[in-house]
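So the structure is just underneath, and the comments pick up after that.
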Amino acid sequence: MTQSDSDNRRIVTEEPADIPADGLFFAYLAMLPIVAGAVGLFVLPDNWAFLTLNFTLLWGAAILTFLSGVRRGVSFRQPGGPKATQIAMMLLLFVTGFAAILSVVWAFPLYAVGLELIGYVALAVLDPISAKKGRAPLYFAKLRPVQMLLPILSLAVVGYWVSTSPFF
């Protein structure tokens with residue numbers, strides 16, 4: 001059996017280290033609801049607390065599960081196929097995101113905060129390493145540590161609010 005040209009594809013690309021404008025825009029846009037939710041817990045009336053908390057935590061978890069898919073998608077273009085570290089990171093992000101969703105639904109918001117913090121800290125630390133090894137876009141080395149500060153700090157604020165709130 002012979003292979004035709006359609007059975008294989010060779011991809012040669014040059015990747016800039018600079019963060020593309022659309023990547024920068026969408027990266028920070030996705031973090032704004034988490035920041036707004038953390039602020040909202042302190043400035044909105046108490047009757048908004050339940051909705052604000054749940055929206056903030058569900059949004060944060062949804063972003064983690066989305067980023068797990070991004071990591072999986074990037075792994076498909078890896079020369080030689082996906083690496084074990086890429087699969088592990090995808091699973092970590094998906095499991096922490098999904099478990100955080102369950103924690104919100106089952107009214108364990110502090111667990112959701114902890115799970116989401118694990119996911120976002122992992123992104124801040126491991127994405128730059130992956131980028132330098134060619135297992136994630138090169139610009140993640142610059143973007144992720146700064147970008148992930150927003151959800152990390154915001155979730156710490158949310159965790160403080162939950163732990164001191166008379167509602168929980």
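Modelled label positions at Ile11 and Val121, each set 7 Å beyond Cα in the direction of Cβ, lie 3.3 nm from each other. Within the chain, the selection of entire DSSP H helices by a Cα span of 27 Å or greater along the long axis and an average Kyte-Doolittle value of at least -1.0 returns 21-43, 49-76, 84-105, 109-132.
Label positions at Leu149 and Leu102, each projected 7 Å from the Cα along the C-beta direction, are separated by 3.4 nm.
Annotation for the range 47-140: chymotrypsin sites (Phe, Trp or Tyr not before Pro) lying in DSSP loop with at most 15 further Cβ atoms inside 10 Å of their Cβ are Trp106.
Given Cβ point charges of +1 (Lys, Arg) and -1 (Asp, Glu) and nothing else, what value in debye, to the nearest 20, does the dipole of the range 19-164 about its Cα centre take? Provide the component values of the computation, followed by the final result.
Numbers: 9 positive and 4 negative charges, 154 e Å.
Here the range 19-164 has a charge dipole of around 740 debye.
Dividing the summed -39500 (n - 2.57) terms of all DSSP H runs of n ≥ 4 by the residue count of the chain sets its mean residue ellipticity at 222 nm at -25000 deg cm²/dmol.
Expressed as a fraction of 2.2 N^0.38 Å, the rule-of-thumb size for a compact globular protein of N residues, what is the C-alpha radius of gyration of the range 74-114?
Rg over 2.2 N^0.38 Å, computed on Cα atoms: 1.56.
Can you match volume of the Cα convex hull per residue in Å³ to one of these, (i) 243; (ii) 106; (iii) 128, based on a calculation from the structure here? Computed from these coordinates, volume of the Cα convex hull per residue in Å³ corresponds to label (iii).
Counting other Cβ atoms within 10 Å, which trypsin sites (Lys or Arg not before Pro) in the range 52-96 have at most 16 and lie in a DSSP loop?
Numbers: sites: Arg71, Arg72, Arg77, Lys83; in loops: Arg77, Lys83.
Filter output for the range 52-96: Arg77, Lys83.
Remark: spin-label model distance Asp18-Lys83 equals 2.6 nm, labels positioned 7 Å along the Cα→Cβ axis.
Only the coordinates and a few stated rules stand behind these numbers; no lab work does. Note that the structure is predicted; figures quoted are calculated from it, not measured. No Cβ is skipped: glycine too gets one built from the backbone with ideal geometry, and neighbour counts run over all protein chains shown.
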